[in-house]
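I have placed the structure first, in the form of structure tokens, so that the comments after it can refer back to it.
The values are calculated or read from the model by the stated rules, or taken from the named source; none is laboratory data. Quick caveat: nothing in here was measured; it's all calculated off a predicted structure. We place every Cβ from the backbone using ideal geometry, glycine too, and count neighbours over all the protein chains shown.
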Amino acid sequence: MSQQLRDYQEKAVGELRKKVQEGFGSAVLVAPTGAGKTTIAAAIIQSAVNRGHKVIFLAHRKELIDQCSTRLDEHGIDHGIIKAGNKRTNTLPVQVASVQTLRNRVKPADQQGFFKPSYEAQIFIIDECHRATAASYKAVLEHFPNAFLLGLTATPYRTDGRGLGDLFQTLVQVSSPAELTRMGFLVPARVFSTPMIPDFASMRHKAGEFDAKEVEVAMDKATLIGDIYEHWKKHAGFRTTVIFASSRRHASHIVERFAAANERVAYLDGETPEDERDDVLYKLSFNRIQVVVNVGILTEGWDCPRVSCVVLARPTESCGLYLQMAGRALRPFENKRDCIILDHGGNTFRHGFVTDDREFDLKGKSKGPQSALDAITSCQKCFAIYSKEPACPECGHVNEKRGAKPGDREDPKQVDGQLEEINQEEVRQYEINFFAEKLREQVERGYKPGYAKKCFFEEFGRWPKKDIGMKTIWEESRDEKGKRQFKSAGFKFGEIEIRA
């Protein structure tokens, strides 16, 4: 049964028809999170089928293929699936295809094969089309030169910020975050930063993005990982959460920190087996686990409305990637009034708020005026991020200066004497957790007695002392004259004793 389109969806389809009538052979449909781009695509496909046209829907990920197939089934549109291992028929007018599989199946005209130029698809729809300039897509598209090319995306630019004008001729923008929030199709976002964001100003870049190795070195520190957990526990400890880590190593340490606190946590990356990934996401959607830490796997093509917190534990220069990550928490759900974004990578100060309205074109980066970014403020008391309000909307604190960023400091007296106390307490806890972790490694792996101390010194620039709970073990003896003397024989930390 055909699904009734919302007013703004009908308007977008109408604008797209006008583009076709004006002679455009390709177009990008820009639909922000929650706009229902797959529903719009299904309506377009239904209309094409009614006119006797053939359609191919192309995607690069299993989740996107499954999502489109499910939506077509809901609309009663019979279709095939072109994907390795899938036995659904390949002879229907509508095909949902994996770009990798279709690339292997398209054949030159002198070779046999179902997908050859004679198939003559009239419409070619590419999901997440900001990827469509890749060689794998071009290898497919050259076999369908006469098809109308429709791209779907929330972010019409590549990772390096370049536009899509070399592949698409025009652009139609569907609604805006503000409109979708006002209509209840998105929830408001509350954003928090942290005083412990590393300095990325001098970090090297590769292909328009921060150098991956330097990001890992900057982010994969026990103090910062402890900060991720403590801030999550404080602001979102009851919320279903997705964490975006900087690397596999970084992600594994985050998982260890959450697991050590008995949180229900799981891990995903691009090498996670498909059945295991499905199982993890199923459990997350039904609250059987609360937190999923992932590396580059849940940025697009996946929706779980239950998610109400996103932790950005990585910086990115790509506004598109930022919007994809942060947008995972915006969809409404039962009793979900808002979502929390914990930005540990300084991304909000780099790109603006995820819910900002943006004007897109085919030229490339969409970035608001610098004055708007400069106005973004981090509360120096609770580290909420806000812009237009004179006082922090979370705690009511008024910063000493506008445009304060997480690394800025005020005199503790200016915040009722609380900031310095809170920071010292948090830092001390990070030090205790770090030393405890290294001490466990030392004992479990049989490292030398000085291993944990050395790690602590390398991390904090000082040796661990009694201020973190370390107690010296003294042994009493007598010198030649029978006088009592005491000699250090090791130390005790909690229940662990280390003998020299």
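For the stretch 93-105, which positions are modelled with pLDDT under 85 and out of contact with any helix residue (DSSP H, G or I) (no Cβ under 6 Å at 6 or more places or on another chain)? It would help to see each step written out before you state the result.
At the first step, the residues of the stretch 93-105 found to be modelled with pLDDT under 85 are 103-105.
Answer for the stretch 93-105, where residues must be modelled with pLDDT under 85 and out of contact with any helix residue (DSSP H, G or I) (no Cβ under 6 Å at 6 or more places or on another chain): N104, R105.
Every test in (1) on the phi > 0 side of the Ramachandran plot; (2) modelled with pLDDT of 80 or more; (3) not hydroxyl-bearing (S, T, Y) is passed by A391 save one, and that test is (1). Within the stretch 236-247, not a single residue is more than 18 Å from the chain's Cα centre (by Cα), among the β-branched types (V, I, T) and either over 25 Å from I432 (Cβ atoms) or in a helix (DSSP H, G or I) (or both).
For every residue, the table says whether it meets (1) crowded, with 23+ Cβ neighbours inside 10 Å; (2) within 24 Å of H130 (Cβ to Cβ); (3) not assigned by TED's automatic domain parsing to the domain that holds A201.
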residue	(1), (2), (3)
V265	no, no, no
G270	no, yes, no
V280	no, no, no
S285	no, no, no
I289	no, no, no
I297	no, yes, no
Y322	yes, yes, no
K336	no, no, no
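Name the residues in the stretch 468-500 that are outside any strand (DSSP E or B) and surrounded by 10 or more Cβ atoms within 10 Å (Cβ to Cβ), would you?
In the first step, residues of the stretch 468-500 are kept if they are outside any strand (DSSP E or B); the result is 468-469, 479-483, 494-495, 500.
Result: I468, G469, G494, A500.
Looking only at the stretch 146-169, residues that are buried (at least 18 other Cβ atoms within 10 Å of the Cβ) and more than 24 Å from the chain's Cα centre (by Cα) come to 6 in all. Checking each residue in the stretch 83-97 for being without any contact (Cβ under 8 Å) to a residue 24 or more places away in the chain and closer than 16 Å to I126 by Cα picks out only K83. Within the stretch 406-420, is even one residue hydrophobic (A, V, I, L, M, F, W, C) and at pLDDT 80 or above? Checked the stretch 406-420: no residue is hydrophobic (A, V, I, L, M, F, W, C) and at pLDDT 80 or above. Among the residues of the stretch 245-291, just one is free of Cβ contacts under 8 Å to residues at least 40 places away in the same chain, within 22 Å of D343 (Cα to Cα) and of a type in the set (S, T, N, Q), namely S252.
Against the condition assigned by TED's automatic domain parsing to the domain that holds L167, within 28 Å of A139 (Cα to Cα) and of a type outside the set (D, E, K, R), how does N86 come out, does it pass?
The answer is yes for N86.
Screening H75, H130, H79, H143 for residues that are at pLDDT 80 or above, more than 23 Å from V13 (Cα to Cα) and either surrounded by fewer than 19 Cβ atoms within 10 Å (Cβ to Cβ) or of a type outside the set (D, E) (or both) leaves exactly one candidate, H143. When the stretch 268-301 is filtered for residues that are more than 20 Å from H60 (Cα to Cα) and out of contact with any Ser or Thr (no Cβ under 7 Å at 6 or more places or on another chain), the ones remaining, listed by number, are D279, V280, Y282, K283, S285, F286, R288, I289, V292, V293.
Screening R328 with (1) among the charged types (D, E, K, R); (2) in a loop (DSSP other than H, G, I, E, B); (3) closer than 26 Å to E216 by Cα gives one miss only, at (2).
Looking at the stretch 138-224, the strands (runs of 3 or more DSSP E) lying wholly inside it that each contain 1 or more residues that are assigned by TED's automatic domain parsing to the domain that holds K19 and polar (S, T, N, Q) sit at 148-153, 170-173. State whether one or more residues within the stretch 48-67 are surrounded by 15 or more Cβ atoms within 10 Å (Cβ to Cβ), of a type in the set (D, E) and outside the structural domain of G270 (by TED's automatic domain parsing). Yes: the stretch 48-67 contains one or more residues that are surrounded by 15 or more Cβ atoms within 10 Å (Cβ to Cβ), of a type in the set (D, E) and outside the structural domain of G270 (by TED's automatic domain parsing).
All conditions but one from (1) within 17 Å of L150 (Cβ to Cβ); (2) in contact with a Leu (Cβ under 7 Å, 6 or more places away or on another chain) apply to I77; the one that does not is (2).
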